[in-house]
1. Do the conditions hold for Glu70, that is, is it within 12 Å of the chain's Cα centre (by Cα) and of a type in the set (Asp, Glu)?
2. Return only the number of the condition from (1) over 15 Å from Glu15 (Cα atoms); (2) more than 11 Å from the chain's Cα centre (by Cα) that Val48 does not satisfy.
3. Taking the stated definitions as given, is Glu4 free of Cβ contacts under 8 Å to residues at least 12 places away in the same chain, touching a Ser or Thr at 6+ places or on another chain (Cβ under 9 Å) and surrounded by fewer than 14 Cβ atoms within 10 Å (Cβ to Cβ)?
4. Would you confirm whether or not the range 44-61 contains a residue that is in contact with a Pro (Cβ under 9 Å, 6 or more places away or on another chain), assigned to a loop (DSSP other than H, G, I, E, B) and under 30 Å from Glu4 (Cα atoms)?
5. Considering only residues that are of a type in the set (Ser, Thr, Tyr) and either at pLDDT below 95 or out of contact with any helix residue (DSSP H, G or I) (no Cβ under 6 Å at 6 or more places or on another chain) (or both), which ones fall in the range 46-77?
6. Output yes when any residue across the range 19-30 is outside any strand (DSSP E or B) and surrounded by 12 or more Cβ atoms within 10 Å (Cβ to Cβ), and no when none is.
7. I'd like to verify a number: residues in the range 31-43 that are in contact (Cβ under 8 Å) with a residue 24 or more places away in the chain and either in a loop (DSSP other than H, G, I, E, B) or of a type in the set (Gly, Ala, Ser) (or both), how many?
8. Starting from residues that are surrounded by 15 or more Cβ atoms within 10 Å (Cβ to Cβ) and in contact (Cβ under 8 Å) with a residue 40 or more places away in the chain, keep the ones in the range 7-18 and report whichever is farthest from Leu68 (Cα to Cα).
Amino acid sequence: MTEEFEVKMSPLSQEISSGGKTVQVDIYEDGDGKWILEVVDEFNNSTVWDDRFESDNAALAEVKKEILSEGIGSLIGPESGKGEWS
């Protein structure tokens, strides 16, 4: 039997823009007291971190660190129907 729980979104969820590109950062509880980090790009591609975070602040810090070190383009996939990205 599976239990359903209400998804609790973090108030830290937000859009982040850099270099003229924007991604939606969603941070939400996993039902076990940890936080899930998901980034959705302009083409509706989704990147979800495998690791869970102890706090929503830690999840936001991680995505900001990723954008600073790798660039926002690392979180943006192809336009639907335009091929795959590696």
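The values are calculated or read from the model by the stated rules, or taken from the named source; none is laboratory data. What you are looking at is a predicted structure, and each value in this text was computed from that prediction instead of being measured. Every residue, glycine among them, receives a Cβ derived from its backbone with ideal geometry; neighbour counts consider all protein chains shown.
1. On the way: within 12 Å of the chain's Cα centre (by Cα): no; of a type in the set (Asp, Glu): yes.
So Glu70 does not fit the description; no.
2. (2)
3. On the way: free of Cβ contacts under 8 Å to residues at least 12 places away in the same chain: yes; touching a Ser or Thr at 6+ places or on another chain (Cβ under 9 Å): no; surrounded by fewer than 14 Cβ atoms within 10 Å (Cβ to Cβ): yes.
No; evaluated as a whole, the condition is false for this residue.
4. To start, the set of residues in the range 44-61 that are in contact with a Pro (Cβ under 9 Å, 6 or more places away or on another chain) comprises 45, 56.
Now narrow it down to the ones that are assigned to a loop (DSSP other than H, G, I, E, B): 45.
Checking the rest, the ones that are also under 30 Å from Glu4 (Cα atoms) come to 45.
Taking every residue of the range 44-61 in turn, at least one turns out to be in contact with a Pro (Cβ under 9 Å, 6 or more places away or on another chain), assigned to a loop (DSSP other than H, G, I, E, B) and under 30 Å from Glu4 (Cα atoms).
5. To start, the set of residues in the range 46-77 that are of a type in the set (Ser, Thr, Tyr) comprises 46-47, 55, 69, 74.
Scanning the range 46-77 gives Ser46, Ser55, Ser69, Ser74.
6. Residues of the range 19-30 outside any strand (DSSP E or B): 19-20, 30.
Checking the rest, the ones that are also surrounded by 12 or more Cβ atoms within 10 Å (Cβ to Cβ) come to 30.
Within the range 19-30, one or more residues are outside any strand (DSSP E or B) and surrounded by 12 or more Cβ atoms within 10 Å (Cβ to Cβ).
7. Of the residues in the range 31-43, the ones in contact (Cβ under 8 Å) with a residue 24 or more places away in the chain are 31, 35, 37, 39, 41-43.
Keeping just the survivors that are either in a loop (DSSP other than H, G, I, E, B) or of a type in the set (Gly, Ala, Ser) (or both) gives 31, 41-43.
Matching residues across the range 31-43 total 4.
8. Within the range 7-18, the subset surrounded by 15 or more Cβ atoms within 10 Å (Cβ to Cβ) is 10, 12-13, 16.
Now restrict to residues that are in contact (Cβ under 8 Å) with a residue 40 or more places away in the chain: 10, 12, 16.
Working: Ser10: 22, Leu12: 18, Ile16: 12 Å.
The residue in question is Ser10.
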